[in-house]
1. Calculate the FRET efficiency for residue B:144 and residue A:3 from the Cβ-Cβ distance with a Förster distance of 51 Å, rounded to the nearest 0.05.
2. For region B:247-258, just list the computed ³J(HN,Hα) in residue order, Karplus coefficients 6.51, -1.76 and 1.60, θ = phi - 60°, integers in Hz, with x standing in for Gly and Pro.
3. Given just the C-alpha atoms of chain A, how large is their convex hull per residue in cubic angstrom?
4. Compute the distance in nm between two label points, each set 7 Å from the Cα along the Cα-to-Cβ direction, one at residue A:174 and one at residue B:83.
5. Treating only the Cβ atoms of Lys and Arg (+1) and Asp and Glu (-1) as charged, compute the dipole magnitude of the protein assembly as shown about its Cα centre; round to the nearest 20 debye.
6. So if we plug the beta-carbon distance of residue A:227 and residue A:54 into 1/(1 + (r/R0)^6) with R0 = 51 Å, what FRET efficiency do we get, rounded to 0.05?
7. Tell me what the protein assembly as shown gives for mean residue ellipticity at 222 nm when only DSSP H runs of n ≥ 4 count, each as -39,500 (n - 2.57), the sum divided by the residue total, rounded to 500 deg cm²/dmol.
8. Using the Cα atoms as the points, what is the convex hull volume per residue of region A:89-156 in Å³?
Amino acid sequence: MRLLKTIRFIIQAIFLGLFIYFFAATATVANHLYINPFFSSDPLIFGTTSVALRMLLPFVLPLILILLTAVFGRFFCGFVCPLGTMIDGSDFMIGKVRPAAKSFKSFKYYLLLFLVVISVVSASLLHLFDPITITSRTFTAVLRPAVGFFKDSGQVHNGFVFLGIFVLILGLGIVQKRFWCGNICPLGALLGIAGRLSIVRFSMKDECTECGVCERVCPTRAINIEQRHVSQYECIRCLACLEDCKEHEMRLTLARPSLGHRAPDLSRRGFVGAVGLGLVVGPLLKTELLGRTSLARIIRPPGSIPEGRFLDACVRCGECIKVCPTNGLQPTILQRGWHGLFAPQLATRIGGCERNCNGCGQVCPTGAIRKLSLEEKSYVKIGTAVIHKEMCLAWEQDKLCLICDETCPYNAIDSRQVDIMGSKLSRPFVNEELCTGCGICESRCPIAGPSAIEVLPIGEERLRSGPYITPRKKALRESLEKGIFEDVPTGFTE
Amino acid sequence: MKNISRRDFLKQAMAAALSAALLPRGPSLFAQGPETVDLVVVKGDKVKALKKALEAYGGISRFVKPQDRVLIKPNISIASPPEWGATTSPEVIVGVARACLDAGAKRVIVADYPLRAPVVCYEKCGLKKALEELKEVDVLLLTQERFFVETEVPKGLVLKSTKIARELSKTDVLISLPTAKSHSATGVSMGLKGLMGLIWDRGYFHQDVDLNQAIADLATVIKPKLIIMDASRALTSGGPGGPGVVKELNTIVAGVDPVAVDSYTVGLTKWYNKVFLGKNVKHIALASKMGLGEIDVGKLKIKETSV
């Protein structure tokens, strides 16, 4: 069976390599950007986002995966899933683990149920437990900055949270191999349900001696040797049974799917408990009880759909954060409560939104950030800049700073000569109609500490659909080209 | 070198001696002809005009010798297309780079400090595409402090020292390649202001000292051998980033006197819908006062042609 094991290793390596390839290929706006196909194929992302948004996302790729799972069972877990492959790697480093006494495999079904109920009732949190988004979040927050250490690779603030979660997941391998896959992963649970009738499966030959080795080594406890039964809900095609079967009695086979197969081991209490908890916790997620949900000074990426739907559609994959060329997009932690956990915000003091870039919308897998053309994106207002005059060098200290005016890509800051206590100098003014809240001014303000010009969500535009370009906005911009002149700068003498 | 008559030789020697005697005027240029020329101004298509301007000096080999290391300092600090007038035209940058390589330069680097996301600046200003045909040119985006080294400014009135691009110390020929544009603080941003693209601590210039004097001080330590002003377009308002009113001037101005080149270009068009001369721009006037060049266009010998 060494051959099969080698093949599996190679296939796992190929898929992990593919994931890394797509991740790296869409890491900079200098490249052609697209959505990582792993997200597009994920039925958990498809299902939960469609339910939460009450609309049908692209379903072809997830459907193909489900159909393949119906035939081949949870091959995705054992051969394709990047988190599964990394867990195999860390399990290997941990070494032999004595199988735990108690089994927790039912938990993942309760978790899936709980999360589905929450997303139907109010908010979606499924993405936090989705292995593909966990992998891409961790890569963005931890791996990419570490690898790009000597270049300008973006740092993700509070990245230690993602590292901690990742280490925790891998660390569960101390308890049991593939602990996450067998006991927690809701995608695994979903695929298990889809694959219950799979016809390409592993089972025992008639000559099996029922020694029970396979049952002991199976990480997901899929095997019941007494009944000579391999549960297709649990079997992740990891080949551990094949490897350890002394008599070589385990084999790959085509089985006749028989209905009336044993359902996953769920108790009525557990079922009711999961649903009940979901009905209770769901609505609570959107209240202040579990953290601030309103009045937070959060700027969302340009093209973000309205906030409620945004938080349901955003799967916290971290792609927008990865691609942002100014490093301005950063994850929120609890600034928007638990409902907003890990969703992206534009941290304008760190980096503004580059006018000639539309990268975030290109890589967002669910349309939480709309895909907009470069021109249309430049018309999206995400906030308005406000000058704190008591901090500003030009207003308060009579200095010829005006860096905000210099860097504003929309010419929304005018420098006008204002006489303050006998000192007639250029001072910056924000033109609120032209200002899109991009925040480049805030990121370049040279004073120490908080910026003297700050972007607030005043006037932000969040359109679910429809054009951001309006005749009025266009006319305003064009008037700039035709020559509405500001005051003459003080760099000239009279 | 062709044989010249004794008369011609004496004429040239006298001219040289005279211009040396009139030193406060700043450096001037020896052209092919018997007269000296301070500025070469060529009107027309920018690529052809650039070629003609270089020819007027007998080719760039007057400045770039074989095995020289060349640094070209254009303006690629803004992430906007060339039509917005905020950056140097990519065709002009490539034209100069190609000429340097043809003259035998060992290495040609294009360097600037990007004021916006570096990768977007490089692409939007058109340089990335233009350099696809000229792969021997290196581009250095000065994005990190380690690219700079603390440098004394002995003649500085307000600037005692500042961090300047390390690459300059490994450079034999610095060619300044500014674009003609307005600036919300300094009035205009051309060759002299453009030298700020080679320093690290911009905040210091704006916050702690008089910005206009600091620009003049900087010009005492960074001295390009040649300044070619890309005045094919002029961003006459809304600068330095735009958008604003762009005027198609279709002019290339070249010279070795940084004050003269800037001053002449100021006079080419209205700024903020008003007429200004070079001497009306504070930082240019201060540079001239420090002896860095001639600000009065009337005193310059200018060769004007067109293509």
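The values are calculated or read from the model by the stated rules, or taken from the named source; none is laboratory data. Computed from a predicted structure; not experimentally measured. Positions of Cβ are generated from backbone atoms using ideal geometry, with glycine treated the same way; all protein chains shown enter the neighbour counts. The protein model used for the area step is the full one, side chains on, heavy atoms only, and it has no ligands, DNA or RNA in it. Shrake-Rupley method; radii C 1.70, N 1.55, O 1.52, S 1.80 Å.
1. Numbers: r = 51 Å, r/R0 = 0.99.
Once rounded, the FRET efficiency stands at 0.50.
2. Per residue, the Karplus-derived 3J(HN,Hα) values read 10, 7, 8, 6, 10, 10, 10, 10, x, 9, 9, x Hz.
3. Numbers: hull volume 80.5 nm³, N = 494.
Dividing the Cα hull volume of chain A by its residues yields 163 Å³.
4. Reported label-point gap for residue A:174 and residue B:83 is 6.2 nm.
5. 1140
6. On the way: r = 43 Å, r/R0 = 0.84.
Working from the Cβ atoms, E equals 0.75.
7. Details: 32 runs with 280 residues, N = 801.
Taking each H run of at least 4 residues, the total per residue is -10000 deg cm²/dmol.
8. Numbers: hull volume 8.1 nm³, N = 68.
Convex hull of Cα atoms, per residue: 119 Å³.
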